[in-house]
Amino acid sequence: MHNDKKKIAVVGLGFVGLPLSMLLLSKGFTVVGIDLDENKIRSLNNGKSYISDISDKSVEESMKSKRFSVSSSYKNVEESDAIIICVPTPLKEEYVPNLVYIEKAAEALKAHLQKGQLVVLESSTFPGTTREILQPLLEESGLEAGKDFHLAYSPERVDPGNVQFSLGDIPKVIGGITSDCQEVACDLYSKIYQTVVPVSSPEIAELTKLLENTYRFINISFINEMAMLCDQMNIDVWEVIAAASTKPYGFAPFYPGPGISGHCIPVDPLYLQFKAKEKGVTSNFIELSTFTNEKIVQYIVERTLEIVGKEPEETSVLLYGLTYKRDIPDVRDSKAVEVMEHLLEKGVNVTYHDPHFERIMINGNVHHSVSLLDKELSESDCVVILTDHSVLPKEQILEKANLIFDTRGVLQGAKGTAKVVELGGGTSFFKR
């Protein structure tokens, strides 16, 4: 890859591919985006973004620049110098990895692969995917990886909604199939990211992403278990965490919540577990964390009904927030949604408010986000805070609600008349 700006094809224009495309454009590259979702193609061609981190203005300006084009046809990759694959890697039932999107992308790409091109997989996956699955499929083109084209793996590290770290500031880990592949991939990525971290193989790079998210998965699950224990011991886990955080070494704080959600942290460890079992071993930590992550949902449901003290059919609950993390319009694998589903199954009258998600279908029924009016708050038996959006009106909720179950610890220090129960705060009601 020479120093002049190149044409890059980005396969998959979702939460990873579209921000990457914008970053590439900002660095002077020409980008062709490929996605089979015609709604996304139509939206981008109309200058509209479907991702909260990317503004309509950015999309509109990118399309007008003539350096960004989008299509559902893979033929458009033929004139590209590099192809970056950013397709989803979800789970099948029984926690089995689903690589169908990677496989379909490879099948489509092989008919258009050109000599000298660089192909980089960024989708989160288990060690061996690049070498054992992607490489053979691409080589069905008649071209050989490491000889006729370059192949590498570089895990995406996108964090939707994070305004502290821009995408280009996050160090980029890269592992090539061969040393030449590594050199070509590092040359490209050094023009995109401030810091490039070469590793000795694609397998190292693949496992790096899984280790990062498994670390978070285990620790968040552990602190949720601690929260449940603290409730039974009538000890405030939030105060315990604050005290432990004063130690200048050996402790990193994690905080309770309504379960680990989204398409990365609760999924990536299960990709690692799958690969481990394939090798005849297993991770007890991952199994226990998965169990705890399911248990916390049921615990929040039961705790809600316990603190209200009525029969489920006589109980009305208002949920604040359904998205899997703050300030994003994404409910994929959201534990907040699971809480809502379980409450509805028990016969509870459930409404929700989420400023970032206006409509959701559960068991064939459509539920709309209600306005957060004083009447909605006062007429609910309990307001359950599940997502800590930055626009959360703490004072209004504390003044108008009768009872609040705060699963995020966001009301600490706020004042009001409502009774408040915190997840992990002990067994007693208290007033802020």
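The values are calculated or read from the model by the stated rules, or taken from the named source; none is laboratory data. This one's a predicted model, so the numbers in the text were calculated from it and none came from an experiment. Positions of Cβ are generated from backbone atoms using ideal geometry, with glycine treated the same way; all protein chains shown enter the neighbour counts. Side chains included, ligands, DNA and RNA excluded: accessible areas come from the protein's heavy atoms. Shrake-Rupley method; radii C 1.70, N 1.55, O 1.52, S 1.80 Å.
Given R0 = 35 Å, the distance between the Cβ atoms of Leu373 and Glu302 translates into a calculated FRET efficiency of 0.80.
Could you tally the net charge around Ser141, taking each other residue with its Cβ under 13 Å from the Cβ of Ser141, Lys/Arg +1 and Asp/Glu -1?
Numbers: positive: Lys110, Lys115, Lys147; negative: Glu78, Glu107, Glu139, Glu140, Glu144, Asp148.
So the environment of Ser141 carries a net charge of -3.
Computed 3J(HN,Hα) for the stretch 362-374, one whole-Hz value per residue from the Karplus formula 6.51 cos²θ - 1.76 cosθ + 1.60 where θ = phi - 60°, is 10, 6, x, 10, 8, 10, 10, 5, 8, 5, 8, 8, 4, glycine and proline marked x.
Along its principal axes, the stretch 1-151 has C-alpha extents of 43, 41, 23 angstrom, given from the largest down. In this calculation the C-beta distance from Phe165 to Arg42 is compared with R0 = 41 Å, giving a FRET efficiency of 0.85. The gain in end-to-end length when the Arg326 to Gln412 segment is fully stretched comes to 29.2 nm, 0.36 nm per residue minus the alpha carbon separation.
A 1.4 Å probe run over the protein chains yields, for the stretch 383-432, 39 Å² of accessible area per residue, whole-number rounding.
Of all the options Leu13, Leu137, Leu373, the one that moves most in a Gaussian network model of the chain with Cα springs shorter than 10 angstrom is Leu373. Ordering Pro171, Tyr101, Phe68 by the projection of their Cα atoms onto the charge dipole of the stretch 63-190, which places +1 on the Cβ of Lys and Arg and -1 on the Cβ of Asp and Glu, puts Phe68 at the extreme positive end. For the stretch 230-295, the spread of Cα coordinates along the three principal axes comes to 42, 28, 23 Å, biggest extent given first. Measure nothing but the geometry: give the 0 to 90° angle between the long axis through the Cα atoms of 268-278 and the longest principal axis through the Cα atoms of the chain, rounded to 10°. Helix 268-278 and the main axis of the chain meet at about 70 degrees.
Excluding ligands, DNA and RNA, what is the solvent-accessible area per residue of the stretch 197-345 at a probe of 1.4 Å, expressed in Å²?
On the way: 6930 Å² over 149 residues.
For the stretch 197-345, the per-residue accessible area is 47 Å².
Modelled spin-label separation between Val96 and Lys7, with each label point placed 7 Å from Cα along the Cα-to-Cβ direction: 4.0 nm.
Taking the 1.4 Å solvent-accessible surface of the stretch 368-432 as the whole, the part contributed by carbon and sulfur is 46%. Taking all C-alpha pairs of the stretch 87-174, those more than 21 Å from each other amount to 39 percent.
Solvent exposure of the stretch 74-178, expressed per residue, is 42 Å² of accessible area, with all protein chains present and a 1.4 angstrom probe.
Seen against the Cα atoms of the chain and their longest principal axis, helix 284-308 is set at about 30 degrees. Using a cut-off of 20 Å between Cα atoms, the listed pairs Lys7/Lys64; Lys7/Lys110; Lys64/Lys172 include Lys64/Lys172 as exceeding that distance. How much of the accessible area of the stretch 1-145, in percent, comes from carbon and sulfur atoms when a 1.4 Å probe is used? Its accessible area is 46 percent carbon and sulfur atoms.
Cα convex hull, the chain: 155 Å³ per residue, rounded to a whole number. Placing a pseudo-label 7 Å from each Cα along the Cα-to-Cβ vector at Leu23 and Thr246 gives an inter-label distance of 3.9 nm. Helix 100-109 sits at what angle to the longest principal axis of the chain, using alpha carbons and giving 0 to 90 degrees rounded to 10? Helix 100-109 sits roughly 20 degrees off the main axis of the chain. Net charge in the neighbourhood of Val199 (other residues with Cβ under 15 Å of its Cβ; Lys, Arg +1, Asp, Glu -1) is -1.
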